[in-house]
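Undergrad: Following this message is one structure expressed as structure tokens.
The values are calculated or read from the model by the stated rules, or taken from the named source; none is laboratory data. Bear in mind that the values here come from a model prediction, so they are computed numbers and not experimental data. Please note: Cβ atoms are built from the backbone with ideal geometry, for glycine as well, and neighbour counts cover all protein chains shown. SASA here: full protein model, heavy atoms, side chains in, ligands and nucleic acids out. Shrake-Rupley method; radii C 1.70, N 1.55, O 1.52, S 1.80 Å.
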Amino acid sequence: MDEINEILAEESGDRVDALLAQHMDGLSRSAIQRLLEDGAVTLWGQSVKKNYRCRAGDLFCVRLPELQELPLLPQAIPLDIVYEDEDVIAVNKPRGMVVHPAPGHPDGTLVNALLFHCADSLSGIGGERRPGIVHRIDKDTSGLLIAAKNDAAHRALAAQLADHSLYREYEAVARGRFRENSGTIDAPIGRHGVERKRMAVTEKNSKRAVTHWQVLTRYRDYTHLLCRLETGRTHQIRVHMAYSGHALLGDALYGAPSPEKGLEGQCLHARRLHFIHPRTGETVCLECPLPDYFTAVLSRLGPPIDSGV
């Protein structure tokens, strides 16, 4: 069965291919243009040309053909392994790497790399397409991610996610300056009512979401933040920051549609991860430094104004 997506143009002036590329995660602009040429994009029932200029209120229907499942193959992709034993493996995922196969990303994913590195030692609880995957981070988010090597470890780590004892801390750069030095955003997150690829703060079909934040450094137009997840909803930090009026730098889905400070994709890094080891019961504390792209962005923000610490 074909997959149907509805995309609403909130403003006038954008080309339709550019608008759809912003909201159809996993599809490139050239792929969007092929859909337009094939008549798979309609506006009020009529096909649309790729150079059509959107009007506010236009509702586009995008029909994606059903994908044929391809075998999931191990691939010799280098991994930055932060921790590994017989039960779990934690890696420092680079930005730009997709965690598991999805439309537009059939291979070259973290799962393909884990299958090669771990051979048959991955939990099957995540299903055929997500073996070992306990939690995920977005393609353009870098940093720590943990996977389970057996079902017992997977169940233990999933329980820690559920009871919030699996500690996850991120660093981010947000637009604008925060007045307070720290705070908490407690606002439910659910699927956007119109745009399927987006999440939103909403009371409808949503779950509680809590993000704690602290200012690390203020700049003239941006703020370097530390964010701690109490819950783990899809796009949680990105949605909560946009909801607060401080979308993440480079976040085209929830913030500015064009690259900022030379960065395409959100400036967000999973810096620290603490978990209770499923076999030993000991607390394992992991940390990975800020990657080059993040430190380069910080250097382009201008002189710091003050610290929130």
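Undergrad: Quick one: in region 251-275, of everything that is open to solvent by 70 Å² or more (accessible area, probe 1.4 Å) and farther than 12 Å from Asp140 by Cβ, which residue is modelled with the lowest pLDDT?
TA: Pro257
Undergrad: Kindly provide the set of residues from region 129-146 that are open to solvent by 10 Å² or more (accessible area, probe 1.4 Å) and farther than 14 Å from Leu229 by Cα, ordered by number.
TA: Arg129, Arg130, Pro131, Ile133, Val134, Asp138, Lys139, Asp140
Undergrad: Moving on to the next point. Return the pairs, sorted by first residue and then second, in which the second residue is part of a loop (DSSP other than H, G, I, E, B), the first residue lies in region 283-309 and is without any contact (Cβ under 8 Å) to a residue 60 or more places away in the chain, the beta carbons are less than 6 Å apart, and the residues are 6+ apart or on different chains.
TA: Close Cβ pairs (under 6 Å, with a partner that is part of a loop (DSSP other than H, G, I, E, B)) amount to Arg300/Lys261.
Undergrad: For Ala31, all conditions in the list (1) surrounded by 12 or more Cβ atoms within 10 Å (Cβ to Cβ); (2) touching a strand residue (DSSP E or B) at 6+ places or on another chain (Cβ under 7 Å) hold save one; what is the number of the exception?
TA: Here Ala31 clears every test but (2).
Undergrad: Pick out the one residue from Lys139, Lys149 that is farther than 24 Å from Met241 by Cβ, in contact (Cβ under 8 Å) with a residue 12 or more places away in the chain and in contact with a strand residue (DSSP E or B) (Cβ under 9 Å, 6 or more places away or on another chain).
TA: Lys149
Undergrad: While we're on this one: Could you tell me how many of the residues in region 198-218 are closer than 15 Å to Val239 by Cα and not in a strand (DSSP E or B)?
TA: 5
Undergrad: Exactly one condition in (1) under 20 Å from Cys118 (Cα atoms); (2) open to solvent by less than 30 Å² (accessible area, probe 1.4 Å); (3) under 17 Å from the mean Cα position of the chain (by Cα) is false for Val173; which is it?
TA: Going through (1) under 20 Å from Cys118 (Cα atoms); (2) open to solvent by less than 30 Å² (accessible area, probe 1.4 Å); (3) under 17 Å from the mean Cα position of the chain (by Cα) one by one, Val173 breaks only (1).
Undergrad: Considering each residue of region 19-55, count those that are in a helix (DSSP H, G or I) and touching a helix residue (DSSP H, G or I) at 6+ places or on another chain (Cβ under 7 Å), and give that number.
TA: 6
Undergrad: Now a separate question. Looking at region 219-247 only, could you name the residues that are assigned to a loop (DSSP other than H, G, I, E, B), within 23 Å of Arg198 (Cα to Cα) and open to solvent by 20 Å² or more (accessible area, probe 1.4 Å)?
TA: Listed by number, the residues that qualify are Glu230, Gly232, Arg233, Thr234, His235, Ser244, Gly245, His246.
Undergrad: Considering only residues that are part of a strand (DSSP E or B) and β-branched (Val, Ile, Thr), which ones fall in region 250-309?
TA: Hits for region 250-309 are Ile276, Thr283, Val284.
Undergrad: Looking only at region 203-218, count every residue that is crowded, with 16+ Cβ neighbours inside 10 Å and not hydrophobic (A, V, I, L, M, F, W, C) and tell me the total.
TA: Residues flagged as crowded, with 16+ Cβ neighbours inside 10 Å and not hydrophobic (A, V, I, L, M, F, W, C) within region 203-218 amount to 5.
Undergrad: Here's a follow-up. Tell me, yes or no, whether region 15-22 has at least one residue that is at pLDDT 85 or above and open to solvent by 30 Å² or more (accessible area, probe 1.4 Å).
TA: Scanning region 15-22 turns up at least one residue that is at pLDDT 85 or above and open to solvent by 30 Å² or more (accessible area, probe 1.4 Å).
Undergrad: Moving on to the next point. Among the residues in region 72-81, are any loosely packed, with under 13 Cβ neighbours inside 10 Å, in contact with a Phe, Trp or Tyr (Cβ under 7 Å, 6 or more places away or on another chain) and more than 21 Å from Pro259 (Cα to Cα)?
TA: Checking region 72-81: at least one residue is loosely packed, with under 13 Cβ neighbours inside 10 Å, in contact with a Phe, Trp or Tyr (Cβ under 7 Å, 6 or more places away or on another chain) and more than 21 Å from Pro259 (Cα to Cα).
Undergrad: To continue, here is another question. List pairs: first in region 77-90 and on the phi > 0 side of the Ramachandran plot, second outside any loop (DSSP other than H, G, I, E, B) and modelled with pLDDT of 95 or more, Cβ under 9 Å, 6+ apart or cross-chain?
TA: Correct list of pairs: empty, since none qualify.
Undergrad: Here are the criteria: (1) assigned to a loop (DSSP other than H, G, I, E, B); (2) open to solvent by 30 Å² or more (accessible area, probe 1.4 Å). Tell me which single one Glu195 does not satisfy.
TA: Every condition holds for Glu195 apart from (2).
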